[in-house]
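The values are calculated or read from the model by the stated rules, or taken from the named source; none is laboratory data. None of these values were measured; they are calculated from a predicted model. Here the Cβ positions follow ideal geometry from the backbone for every residue, glycine too, while neighbour counts run over all protein chains shown. Keep in mind that these areas ignore ligands, DNA and RNA; they rest on the heavy atoms of the full protein, side chains included. Shrake-Rupley method; radii C 1.70, N 1.55, O 1.52, S 1.80 Å.
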Amino acid sequence: MSLTGTPFLYTTVLLSVVALILPLVLWSRMRGPKPLRITARVLMLLFAQGTAVTLVFVLVNNQNNLYDNWADLLGTGDHVQRAADLGKDGTGGITVTRLPKVRQTFTAADGPGMRAAGGVRVTQLRGRVSGVNAEVYVWLPPQYGDPAYRNKKFPVVELLPGYPGSAKAWFGSLKAHEQLLPLMRSGRVAPFILVAPRTNLLAGVDTGCANVPGQVNADSWLSVDVPKMVMDNFRAEPAPQGWAVAGYSAGAHCAVKLAVAHPDRYRAAVSLSGYNDPIGERDSLAAQTPALRAANNPYLLLRQEAVPPRIALYLSGESGDGYQAGMALEAVAKAPTTVRVVFLPRSAGGHTMALWRPQVDTVFRWLTLQMGQGHARGRDTSVAGRAPGATPPSPSTGGSTRAALASGTASRAGAARRP
């Protein structure tokens with residue numbers, strides 16, 4: 001029975017009701033020795049508490065898409081077949097364009113929200129370069145099947161969840177496709193292909209979207225294997241102009257890092273409540289050593305670039321949770337790199353889906369303009385100037401809570417992000 005499926009939810013609700021009724025009906029009707037009656041009553045109370053806790057967990061998990069299946073929850077999942085040392089560019093010297101085309105079979109995806117707005121499809125991809133074997137979800141814009149667009153190639157946005165988090169989260173919890181469908185139909189947002197690959201690749205740890213030889217090649221999975229599969233199976237624009245990446249929380253860190261590290265693969269990145277130093281997520285593989293932390297810190301990467309990358313970054317967050325990280329990147333960015341930082345007040349929703357869901361409209365209007373899709377109607381007023389009510393620019397730090405998260409000197413104890 002699927003962890004996120006309707007049958008499991010209904011079963012949990014039914015058991016919770018039964019657990020509530022049992023003590024009411026049987027409490028005073030118990031027969032037998034006193035120790036036996038006490039034991040039976042204690043078991044009924046434990047059953048009631050256990051089912052209540054389980055029901056709350058299921059409701060929260062379905063709302064936030066934290067764990068996609070039982071393997072993710074129990075920490076038994078492993079989607080890595082091999083993790084060779086692929087070098088700095090993450091290709092292992094392979095000319096990716098010369099690899100045979102990847103032809104995939106797609107099926108309708110299951111789960112909350114996955115059948116809405118035309119439906120999300122899913123495929124199981126074996127990454128030829130990364131050695132990762134995992135699912136990838138794809139949603140096609142309404143124009144894709146229109147005969148008038150049969151010769152058009154569409155821009156693509158990779159969507160990354162937080163940690164723990166399911167690849168379905170942007171569709172199930174943030175309802176990105178449901179929000180964007182009317183905007184794309186009306187021409188206010190460009191018709192993007194939405195791609196959500198699995199990022200939870202190893203049991204019990206966040207990959208940090210990094211390549212860690214011998215453990216995982218998450219960077220190559222996201223920036224090489226997944227894009228190649230999409231371009232081989234759909235009418236997708238080529239990189240970098242036609243590609244962007246967006247994420248929230250740990251996925252926000254990944255989005256910015258991927259764009260800064262690979263400007264030849266991405267034109268833009270969106271960060272919702274992200275951080276720069278990988279140690280902002282204490283379970284991150286990218287925080288294992290100072291060298292890994294530095295190699296996966298977009299602030300340090302951007303600061304040391306001899307030639308500033310031609311990328312556009314959009315970063316939003318509350319004070320202490322993403323805003324200062326964005327200000328740090330803005331401080332070191334040089335043309336043609338552009339950085340847009342949006343301050344969000346504490347009253348906006350905290351480190352939750354309630355904060356990120358309403359931003360989908362805004363960030364996709366921004367992406368429409370930044371990726372040369374200016375034929376879409378409407379204007380995103382957030383692009384010009386700092387957001388209304390924003391705090392004055394503060395001294396830049398490279399992390400979401402403290403300057404040490406930029407320099408890579410923060411300890412694990414001092415690096416936790418405030419929710």
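Within region 1-47, restricting attention to residues that are open to solvent by 90 Å² or more (accessible area, probe 1.4 Å) and closer than 30 Å to residue 114 by Cα, which residue is modelled with the lowest pLDDT?
Filtering first and then ranking leaves 1.
Could you please tell me which pairs satisfy a Cβ distance under 8 Å, a separation of 6+ or placement on different chains, a first residue in region 341-360 that is touching a residue at least 24 places away in the same chain (Cβ under 8 Å), and a second residue that is open to solvent by 10 Å² or more (accessible area, probe 1.4 Å) and among the β-branched types (Val, Ile, Thr)?
343/391
Mind listing whichever residues of region 48-79 are at pLDDT below 70, over 24 Å from residue 217 (Cα atoms) and open to solvent by 40 Å² or more (accessible area, probe 1.4 Å)?
Selection gives 63 alone.
Helices (runs of 4 or more DSSP H) wholly in region 1-120 with at least 2 residues that are farther than 24 Å from residue 196 by Cα - which ones?
Numbers: elements: 6-26, 34-64, 70-74.
Qualifying helices (runs of 4 or more DSSP H): 6-26, 34-64.
If we scan region 305-318, do we find a residue that is farther than 28 Å from residue 238 by Cα, over 20 Å from the mean Cα position of the chain (by Cα) and touching a residue at least 40 places away in the same chain (Cβ under 8 Å)?
Filtering region 305-318 down to residues farther than 28 Å from residue 238 by Cα leaves 317-318.
From what's left, over 20 Å from the mean Cα position of the chain (by Cα): none.
No; the residues of region 305-318 include none that is farther than 28 Å from residue 238 by Cα, over 20 Å from the mean Cα position of the chain (by Cα) and touching a residue at least 40 places away in the same chain (Cβ under 8 Å).
Can you name the residue in region 119-152 that is of a type in the set (Lys, Arg) and touching a strand residue (DSSP E or B) at 6+ places or on another chain (Cβ under 6 Å) and is also least open to solvent (accessible area, probe 1.4 Å) among such residues? First the steps, then the outcome.
Quick first cut of region 119-152, residues of a type in the set (Lys, Arg) only: 121, 126, 128, 150, 152.
Narrowing further to those that are touching a strand residue (DSSP E or B) at 6+ places or on another chain (Cβ under 6 Å): 121, 126.
Numbers: 121: 94, 126: 149 Å².
Result: 121.
Only helices (runs of 4 or more DSSP H) wholly contained in region 198-299 count here; list those with 3 or more residues that are open to solvent by 20 Å² or more (accessible area, probe 1.4 Å).
Numbers: elements: 226-233, 250-261, 290-295.
Because the criterion is at least 3 residues that are open to solvent by 20 Å² or more (accessible area, probe 1.4 Å), the helices (runs of 4 or more DSSP H) in region 198-299 that meet it are 226-233, 290-295.
Could you please find all residues in region 343-371 being aliphatic (A, V, I, L, M) and in contact with a Gly (Cβ under 8 Å, 6 or more places away or on another chain)? Break it down stepwise before answering.
So the first thing to find is which residues in region 343-371 are aliphatic (A, V, I, L, M), and the list is 344, 348, 353-355, 360, 363, 367, 369, 371.
Matches in region 343-371: 344, 355, 371.
Scan region 317-354 residue by residue and report those that are of a type in the set (Gly, Ala, Ser) and more than 18 Å from residue 278 (Cα to Cα). It would help to see each step written out before you state the result.
Going through region 317-354, the residues of a type in the set (Gly, Ala, Ser) turn out to be 317, 319-320, 322, 325-326, 328, 331, 333, 335, 347-350, 354.
Passing the criteria: 319, 331, 333, 335, 347, 348, 349, 350, 354.
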